[in-house]
Amino acid sequence: MTGAEFALLSLTVGVGAVLQVSVGFGLGMIAAPVFSLVDPTLAPSVVLLLAAGVTAAVLVRERGSADLRGCGWALVGRVPGAAAGALLVVALPAEYLALLIAGVVLTGVAVSAAGYVPRTRRSSVFLAGMASGLMGTATSIGGPPMAMVWQRLSGPRLRATMSAFFLAGSLMSLVALAAAGVVGAHTFQRTVLLAPAAVAGVLLAGPLTRRLNARHTRTAAMALAVAGAAGLVAQQLTPWTA
């Protein structure tokens, strides 16, 4: 990893951590495409480890506000989804996994922009958890399904509920990836190198959250995610069209 690549990844993690703390998700959507551009071995495992740390910090900060019953049904769905996601990581070549990451980002943005609001039923939360487990384990981007099903929540309750789910869900996904042989010493080394950027993002998010407009912040997160996904698609398609 060059100095420029490290700087880019650190900036991405810092910005993603600010968004994760502010609106409850965003680190995976922003970091996964950039990490895949720089080094495909960093996604999804390193992103998931960093996200677990950031969501733990949010959960401590917003303790007592989480909807634990909703999290329970979502986590039940996450189990089979995580197993399927780990199988995808093992089965898919790196270039197809990169395109899958880009596709998940773009689909999540499109659905969010369309304003679809499903009813928060036990079945919808379960299915969202399953989709999040599949997407989160395969690509480290498990936020869109949960943001969609819990979008009627707001403020601390949304951030705490999302964080409780993603902390437990990220650990599930990491266990599934470790069982598939994807998590190794390289994963932990890169996570340690980038952890200071995540800590900086969490610390900056505290004073910034009170000043940021939630709607504008979500829009900015979506725009950054689309830019990263577009760059990832371009990188993968260029060799094929050369």
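The values are calculated or read from the model by the stated rules, or taken from the named source; none is laboratory data. On a predicted model such as this, the values are computed, not experimentally measured, just so you know. Ideal geometry is used to build each Cβ from the backbone, glycine not excepted, and the neighbour counts take in all protein chains shown. What goes into the accessible areas is simple: the full protein's heavy atoms, side chains included, and nothing from ligands, DNA or RNA. Shrake-Rupley method; radii C 1.70, N 1.55, O 1.52, S 1.80 Å.
Three semi-axes describe the equivalent ellipsoid of the range 90-160; taken as square roots of 5 times the Cα gyration tensor eigenvalues and ordered largest first, they are 24, 13, 11 Å. The charge dipole of the range 1-83, taken about the Cα centre with unit charges on the Cβ atoms of Lys, Arg (+1) and Asp, Glu (-1), comes to about 300 debye, rounded to the nearest 20. Note that the range 1-64 shows a convex hull volume over its alpha carbon atoms of 70 Å³ per residue. With all pairs of separate Cα atoms included, the range 3-127 yields a Kirkwood hydrodynamic radius of 16.2 Å. Start at zero, step by 5 Å, and the Cα-Cα distances of the chain spread as 1, 7, 15, 20, 22, 18, 10, 4, 1, 0, 0 percent across the bins. Among 107, 139, the sequence by solvent-accessible area, most first, with a 1.4 Å probe is 107, 139.
Two tests apply to each whole DSSP H helix in the chain, Cα reach of 27 Å or more along its axis and mean Kyte-Doolittle hydropathy of at least -1.0, and the ones passing both are 3-23, 68-91, 94-114, 155-179, 185-209, 214-241.
Between the amide H of residue 183 and those of 178, distances stay under 5 Å, these residues lying 5 or more places away or on another chain, with hydrogens modeled in the peptide plane. On the chain, 68 percent of the accessible area sits on carbon and sulfur atoms, based on a 1.4 Å probe.
Note: relative contact order over the range 115-200, using C-alpha pairs below 8 Å and six or more positions apart, is 24 percent.
For the range 1-120, the relative contact order works out to 21 percent when only alpha carbon pairs closer than 8 Å and six or more residues apart are counted.
For the chain, a simple Cβ point-charge model (Lys and Arg +1, Asp and Glu -1, everything else neutral) yields a dipole of about 1040 debye relative to the Cα centre.
Using alpha-carbon pairs under 8 Å, 6+ residues apart, how would you state the relative contact order of the chain in percent? Normalised by residue count, the contact order of the chain is 37 percent. By the equivalent-ellipsoid construction on the alpha carbon gyration tensor, the range 51-110 comes out with semi-axes of 28, 15, 12 Å, ordered largest to smallest.
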